Each structure stands twice: as structure tokens, then as C-alpha cells.
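Worksheet: the structure to be examined is printed underneath.
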Amino acid sequence: MLKAKPNLESRIRTLKMDWATVYDLLSGKDNSSFGCDEHRQMVVAKDAIWNIHKEAGQCRHHSFPYYDQLTSIYAKDRATGKYAQTAVDIFEEIDAEDVA
């Protein structure tokens, strides 16, 4: 058994969650104010938009160079339709459960 396996699995989960956040910002519902700077490989928006979407703050100053490659891998597994949830929806649901 590889000792690195748990670390690799953890890194893959983190990478997928980061990708999902960026994907939701760029193509999710009610997020048309976000754009992509292809040169810097970053999500961009006006300061007022970042202040409204504080949950997306982790993406504000970080580049995401493998977004296109990860989109080709993970986008086909994304739910669509009336039961689809964004990462923000899931975090809000978890926070609501924690409060209850």
C-alpha cells in the first residue's frame, strides 16, 4: 500500500472542489458578473461583486491554470436540471444544518 495514496486522494478532492467553485462562478446561475482572465488564468469581477459573493473570495486572488483540462474531466459529471446545486448551495445547506 502506498503511503502517498491518502495524500493524493485528498489533493484530488481539494482540486475538484476548487474546480467546482470556479466552474459555478463562471457558468452557474446568477453569476453572470464573473469573467475569466485567460492571460492570468483567474476569475475576475468588480470589487462590488466580490463583496456580494463573499463565499467566492478564495478564488479572488488565485490563478487556476488547469481549469480547462479539469472541465473536460469533471463537467460531464455535473448535475443539471431542477435538482442541481452549486457549491454555494451545498455550503449554505451545511451551515444551516450546523446551526440546527
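Regarding the stretch 16-36, can at least one residue be identified that is part of a helix (DSSP H, G or I), modelled with pLDDT of 80 or more, of a type outside the set (Val, Ile, Thr) and surrounded by fewer than 10 Cβ atoms within 10 Å (Cβ to Cβ)? No, the stretch 16-36 contains no residue that is part of a helix (DSSP H, G or I), modelled with pLDDT of 80 or more, of a type outside the set (Val, Ile, Thr) and surrounded by fewer than 10 Cβ atoms within 10 Å (Cβ to Cβ). Checking each residue in the stretch 46-64 for being outside any helix (DSSP H, G or I) and not hydrophobic (A, V, I, L, M, F, W, C) picks out Lys46, His53, Arg60, His61, His62, Ser63.
Taking (1) under 16 Å from the mean Cα position of the chain (by Cα); (2) open to solvent by 90 Å² or more (accessible area, probe 1.4 Å); (3) at pLDDT below 85 in turn, Tyr83 satisfies each apart from (1).
The values are calculated or read from the model by the stated rules, or taken from the named source; none is laboratory data. Note that this is a predicted model, so its numbers are computed, not measured. Glycine gets a Cβ as well: all are built from the backbone with ideal geometry, and neighbour counts include every protein chain shown. Accessible surface is based on the protein model in full, side chains and every heavy atom, while ligands, DNA and RNA are left aside. Shrake-Rupley method; radii C 1.70, N 1.55, O 1.52, S 1.80 Å.
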